[in-house]
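Here the structure comes first, spelled out in structure tokens, and everything after it is commentary.
The values are calculated or read from the model by the stated rules, or taken from the named source; none is laboratory data. A quick note: this is a predicted structure, and the numbers were derived from the prediction, not measured. Reconstructed Cβ throughout: ideal geometry from the backbone, glycine too, with neighbour counts over all protein chains shown. For the accessible areas, the whole protein counts, side chains as well, though only heavy atoms, and no ligand, DNA or RNA atoms are used. Shrake-Rupley method; radii C 1.70, N 1.55, O 1.52, S 1.80 Å.
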Amino acid sequence: MSLSLRHIWTLFKKDLLLEIRQQYAFYGVLLYIGATIFVLYMAIENPDQETWNGLFWIIQLFISINAVAKSFLQESRNRMLYYQSISNPVNFIVSKLLFNSLLMLVMAFLSFILFALFMNYPVQRTGLFIALVFLGGWSLSLVFTFLAAIAAKAQQNAAIMAILGFPIILPQLLVLMNLTSVVFETGSTIPYMNILLLIASDLLVILLSVILFPFLWKD
């Protein structure tokens, strides 16, 4: 294993251990998911397919904000100075992208289970829907990790993340809702071009993170 991969793995393991020790953060987000879905169940017990699809992805959006965005906003200035002395910016941002991707995949799967249990379940192609949920969760985690890195350098200003994220997240959510609309009918054609577009945008976010984060590293 090369030195860079060891550094990335060490930073990733650090974030994972902190998340395991600070379980209140994980359970806090899980409680938020359960409470939100339960309120939706009480308000709209049997939504139609389009409403079900839209509500699901709106929940994923707020899960990303609560679970992923905190990764940079909780880092103190002194801790960031320590990271600068032991690592380089590329390894650091890659480890954050990996950890937040894993965290969001877990949260997306748990929210899918709760959503399917509480709400009526109109999905006809469950395997495809789970795959698209994982792809969408990964996409949201990448975008909000990148935005959180920028917001953390703006004196912990979370409003910056919301302002910058709106024009990026909105088309991504529309693509995801369009993609998952095919899971409600068994004969629908899968829009592979949209999947490729989403993957291309994810790769672009990773590339931008690797290129731009070093300029923020020692700001």
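Quick notes on this one:
- Selected residue (criterion: modelled with the highest pLDDT) from residues of the stretch 64-92 that are open to solvent by less than 10 Å² (accessible area, probe 1.4 Å), of a type outside the set (Gly, Ala, Ser) and closer than 28 Å to Phe112 by Cβ: Val68
- When residues in the stretch 98-119 are screened for being surrounded by fewer than 15 Cβ atoms within 10 Å (Cβ to Cβ) and within 17 Å of Thr180 (Cβ to Cβ), 2 of them pass.
- A single member of Leu212, Leu198 is surrounded by 12 or more Cβ atoms within 10 Å (Cβ to Cβ), over 23 Å from Ala116 (Cβ atoms) and not β-branched (Val, Ile, Thr), and it is Leu212.
- Screening the stretch 120-133 for residues that are farther than 14 Å from Trp57 by Cβ and either part of a loop (DSSP other than H, G, I, E, B) or in contact (Cβ under 8 Å) with a residue 60 or more places away in the chain (or both) and picking the one that is most open to solvent (accessible area, probe 1.4 Å) gives Gln124.
- Any hit, the stretch 120-131, residues being closer than 26 Å to Lys13 by Cα and at pLDDT 90 or above: yes
- Options Gly165, Gly136, Gly187: the member that is small (Gly, Ala, Ser) and open to solvent by 60 Å² or more (accessible area, probe 1.4 Å): Gly187
- Looking across the stretch 11-48, the residues that are assigned to a helix (DSSP H, G or I), of a type in the set (Val, Ile, Thr) and surrounded by 13 or more Cβ atoms within 10 Å (Cβ to Cβ) come down to Val29, Ile33, Thr36, Ile37.
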